[in-house]
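Down below is the structure, laid out as structure tokens.
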Amino acid sequence: MKSKSYSTKTLKIALCLTLAAIASTAQAGADKFVAGPVMPEFGQIAKVDSMMPIPKGMKFKVAFDMGKAADVGKTNRQLESLARFINMHVAAGVKETDIELAMVVHGGGISDLANDVFYAKQHSGAVNANRALVKALVDHGVKFYICGQSAAYFDLTNASLLPGVDMALSAMTAHAILAQQGYSENPF
């Protein structure tokens with residue numbers, strides 16, 4: 001049996017075609033996402049034919065957790081998730097007043113909730129791309145808590161936090177308090 005020999009050019013072409021197919025597949029569903037009713041500039045949503053109806057009068061109290069910063073110059077996808085949560089539930093008929101969200105931030109993620117002076121020191125003079133998103137979320141009642149232990153490690157002070165962001169003793173403390181206040185923790 002003879003083994004087939006392929007030219008380097010043929011292999012490169014095959015590799016490029018394979019990568020192109022993978023890339024186009026990865027974006028296949030992105031066109032299904034549209035602006036939401038509450039924050040159209042953030043947290044795009046898709047219409048879903050859900051088989052799990054949301055009970056009438058359902059009240060959501062959910063705590064999220066964020067430990068990683070976004071790439072410099074980009075908004076943090078975990079912050080976008082908060083806008084998506086609000087947009088998709090309001091679009092599904094839940095009153096915005098029945099949605100209470102909190103985000104506990106620790107580790108490297110704290111810089112995404114810091115003012116431009118602190119952010120620039122951490123990221124070679126870059127501007128914090130999360131400012132407008134955080135402001136929109138705060139304006140819609142989202143509570144933000146920075147882990148004080150992470151803040152101490154990175155030398156972040158209360159004066160360097162974006163408006164509407166508060167310092168907690170620790171992320172663990174914030175989650176425990178939020179749980180006592182009836183918040184469920186979003187598992188992802």
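With every protein chain in place and a 1.4 angstrom probe, the accessible-area ranking of M103, M172, M51, largest first, reads M51, M172, M103. Rolling a 1.4 Å probe across all protein chains gives S124 an accessible area of roughly 120 Å². Rg of the Cα atoms in the chain, relative to 2.2 N^0.38 Å, amounts to 1.32. Once you reduce segment 78-113 and segment 156-188 to the center of their Cα atoms, the two points are 13 Å from each other.
When the convex hull of its Cα atoms is viewed from all sides, segment 84-188 shows a mean projected area of 7.0 nm². Angle between the Cα long axis of helix 77-91 and the longest principal axis of the chain, 0 to 90 degrees, nearest 10? Helix 77-91 and the main axis of the chain meet at about 80 degrees.
Taking 7 Å steps out from each Cα toward its Cβ at K59 and Y153 produces label points 3.5 nm apart. For the residues R77, R131, R84, a 1.4 Å probe over the protein chains yields an accessible-area ranking, largest first, of R77, R131, R84.
Taking a sphere under 11 Å around the Cβ of A46 and counting the other residues whose Cβ falls inside, with K and R at +1 and D and E at -1, yields a net charge of +1.
Accessible surface comparison of Y119, Y145, Y153, probe 1.4 Å, protein chains only, largest first: the order is Y153, Y145, Y119. Computed on the chain, with alpha-carbon pairs under 8 angstrom and 6+ residues apart, the relative contact order is 21 percent.
The values are calculated or read from the model by the stated rules, or taken from the named source; none is laboratory data. Small disclaimer: the values here were computed from a predicted structure and weren't measured. As a convention, Cβ positions derive from the backbone with ideal geometry for all residues, glycine included, and neighbour counts pool all protein chains shown. Keep in mind that these areas ignore ligands, DNA and RNA; they rest on the heavy atoms of the full protein, side chains included. Shrake-Rupley method; radii C 1.70, N 1.55, O 1.52, S 1.80 Å.
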